[in-house]
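The values are calculated or read from the model by the stated rules, or taken from the named source; none is laboratory data. Owing to the predicted nature of the structure, the values given are computational and were not obtained by experimental measurement. Cβ placement follows ideal geometry from the backbone for every residue including glycine, while neighbour counts extend to all protein chains displayed.
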Amino acid sequence: MAKTRDAMKIIDKMIGDDPERRQRIAEARTQSEIAQMVYDARHAAGLTQKQLADLIGTGQSAIARLEDADYDGHSLTMLQRIAKALNCHIRLSMVPNDPQPQVA
């Protein structure tokens, strides 16, 4: 069997077909994407965490948590407050899960 250098194939093989593990990975990916979205929007507005916190009436540590990829307490209400302060809006979508790859 030929070795692959395709990172996604390697990860899929490591994960296997454990649905619970795949679900945890999908949730971690979502958390990371939200954290990056908040960071990118704040950075594009030229604001520090403290400045954004002041705009939405919270503390700097709350913004730091929201920008942490490991944080799992994101709320739509807080994201909407941030979006409004940054003159943005939230766009959500539901998409079908990727089919599980066939692990060789």
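Here is a list: 26, 2, 35. Which entry is modelled with pLDDT under 85 and within 10 Å of the chain's Cα centre (by Cα)?
Every option except 26 fails the conditions.
Does residue 27 count as under 20 Å from residue 75 (Cα atoms) and without any contact (Cβ under 8 Å) to a residue 12 or more places away in the chain?
Considered against the rule, which asks whether it is under 20 Å from residue 75 (Cα atoms) and without any contact (Cβ under 8 Å) to a residue 12 or more places away in the chain, residue 27 comes out as no.
Looking for something part of a loop (DSSP other than H, G, I, E, B) and either of a type in the set (Asp, Glu) or more than 18 Å from residue 86 (Cα to Cα) (or both) - is there at least one such residue anywhere in the stretch 18-30?
yes
Let me confirm something: among 37, 8, 14, which residue is part of a helix (DSSP H, G or I) and surrounded by 12 or more Cβ atoms within 10 Å (Cβ to Cβ)?
37
Scan the stretch 50-61 and tell me whether some residue there is surrounded by 10 or more Cβ atoms within 10 Å (Cβ to Cβ), at negative phi, part of a loop (DSSP other than H, G, I, E, B) and among the β-branched types (Val, Ile, Thr).
Within the stretch 50-61, one or more residues are surrounded by 10 or more Cβ atoms within 10 Å (Cβ to Cβ), at negative phi, part of a loop (DSSP other than H, G, I, E, B) and among the β-branched types (Val, Ile, Thr).
Taking the stretch 74-96 as the search range and keeping residues that are in a loop (DSSP other than H, G, I, E, B) and over 16 Å from the mean Cα position of the chain (by Cα), which one is farthest from residue 33 (Cα to Cα)?
Only one residue tops the list, namely 87.
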